[in-house]
1. Select from segment 78-88 the residues that are over 10 Å from the mean Cα position of the chain (by Cα) and at pLDDT 95 or above and write down the one among them that is surrounded by the most Cβ atoms within 10 Å (Cβ to Cβ).
2. Go through (1) β-branched (V, I, T); (2) surrounded by fewer than 19 Cβ atoms within 10 Å (Cβ to Cβ); (3) modelled with pLDDT of 95 or more for V39 and report which single condition fails.
3. Could you tell me whether any residue of segment 100-115 is over 16 Å from the mean Cα position of the chain (by Cα) and open to solvent by 30 Å² or more (accessible area, probe 1.4 Å)?
4. Could you check how many residues of segment 87-127 are within 26 Å of F30 (Cα to Cα), part of a loop (DSSP other than H, G, I, E, B) and without any contact (Cβ under 8 Å) to a residue 24 or more places away in the chain?
5. Would you confirm whether or not segment 41-64 contains a residue that is out of contact with any strand residue (DSSP E or B) (no Cβ under 6 Å at 6 or more places or on another chain), within 14 Å of A26 (Cβ to Cβ) and assigned to a loop (DSSP other than H, G, I, E, B)?
6. How many residues does segment 57-74 hold that are without any contact (Cβ under 8 Å) to a residue 40 or more places away in the chain and within 13 Å of the chain's Cα centre (by Cα)?
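The values are calculated or read from the model by the stated rules, or taken from the named source; none is laboratory data. Keep in mind that what you see is a predicted model, and the values were worked out from it rather than measured. Note that we place each Cβ from the backbone using ideal geometry, even for glycine, and neighbour counts take in every protein chain shown. The accessibility values were calculated without ligands, DNA or RNA, using every heavy atom of the protein model including side chains. Shrake-Rupley method; radii C 1.70, N 1.55, O 1.52, S 1.80 Å.
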Amino acid sequence: VNPSISRRLHNKDNTYHKKDNNMEMAKYIFSILKGNMMVFMSWGCHAFYAIPNGLQFSVQGFKFKGKVRVIYNEGLDLFTVELIKRGGKTYKTFNEVYFDTLVSLIDREVEYCENYDKKVANQYSII
């Protein structure tokens, strides 16, 4: 596992234990998400935390600003994705998400919108 990932991920109580299953799952989810690094970084993600059986991080997307929780359901071998508004209220929940659709689902809900290329160009003064 890349040591830089360990520096970016923290357990919710700000401790790190190499044998911690939550940290290992968070690293696994992180590795899935960074598989499409350009899309992943477009979400403005930061504040990564290992949570029970998952990963939580904050996003600053065009469509959604708040927290994203990705939780592994071991019994189904699938994920649950939760979008949490800044006040802490769950905005949307997606159950039974396959690992290979995590990035596209989160991107669709957080960042990608109609006329996306035009909005990016306007936002960053790209001509």
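1. It comes out as F79.
2. Only one criterion in (1) β-branched (V, I, T); (2) surrounded by fewer than 19 Cβ atoms within 10 Å (Cβ to Cβ); (3) modelled with pLDDT of 95 or more is unmet by V39, namely (3).
3. yes
4. Qualifying residue count, segment 87-127: 4.
5. Yes, segment 41-64 contains a residue that is out of contact with any strand residue (DSSP E or B) (no Cβ under 6 Å at 6 or more places or on another chain), within 14 Å of A26 (Cβ to Cβ) and assigned to a loop (DSSP other than H, G, I, E, B).
6. Matching residues across segment 57-74 total 8.
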